[in-house]
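Trainee: Before anything else, here's the structure in question.
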Amino acid sequence: MNFKRFVLIVLLMFSLLLASMPAKAQCAMCKTNVENARKEGHTLVGSTLNNGIMYLLFLPYAIAGVFGYIYYKKYKEKQAADRLKGLS
């Protein structure tokens with residue numbers, strides 16, 4: 001698969017992710033924990049829960065980014081080697 005096709009697929013997947021309808025729900029455990037914490041007077045539970053969700057959201061993209069970067073570097077090295085073979 002060439003690099004342009006790879007970039008096109010990634011952009012298509014990202015645009016589909018952004019175009020999805022937002023869900024107005026949350027998991028039952030998260031909802032229960034937030035409601036119980038509010039009843040007990042803890043006010044920071046919502047923000048810490050949001051930070052945890054953002055952490056869980058970021059990690060797969062970070063891993064994919066690292067693998068994408070490695071793939072890109074290997075692709076560029078292969079192109080450079082092919083160009084050198086063509087010159088000799």
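The values are calculated or read from the model by the stated rules, or taken from the named source; none is laboratory data. From a predicted model like this one, the values you see are computed outputs, not experimental measurements. Heads up, the Cβs are rebuilt from the backbone with ideal geometry, glycines too, and the neighbour counts pull from every protein chain shown.
Trainee: Considering only residues that are of a type in the set (D, E, K, R) and farther than 30 Å from residue 79 by Cβ, look in the range 1-39 and name the one that is modelled with the lowest pLDDT.
Mentor: Let us first name the residues in the range 1-39 that are of a type in the set (D, E, K, R), namely 4-5, 24, 31, 35, 38-39.
When the remaining residues are screened for being farther than 30 Å from residue 79 by Cβ, the result is 24, 31, 35, 38-39.
On the way: 24: 58, 31: 76, 35: 80, 38: 81, 39: 84.
Ranking the qualifying residues of the range 1-39, first place goes to 24.
Trainee: Could you check, for the range 74-88, whether at least one of its residues is under 20 Å from residue 6 (Cβ atoms) and among the aromatic types (Phe, Trp, Tyr)?
Mentor: Yes, there is a match, as at least one residue in the range 74-88 is under 20 Å from residue 6 (Cβ atoms) and among the aromatic types (Phe, Trp, Tyr).
Trainee: Taking the range 66-78, which residues are surrounded by 11 or more Cβ atoms within 10 Å (Cβ to Cβ) and free of Cβ contacts under 8 Å to residues at least 24 places away in the same chain?
Mentor: 76
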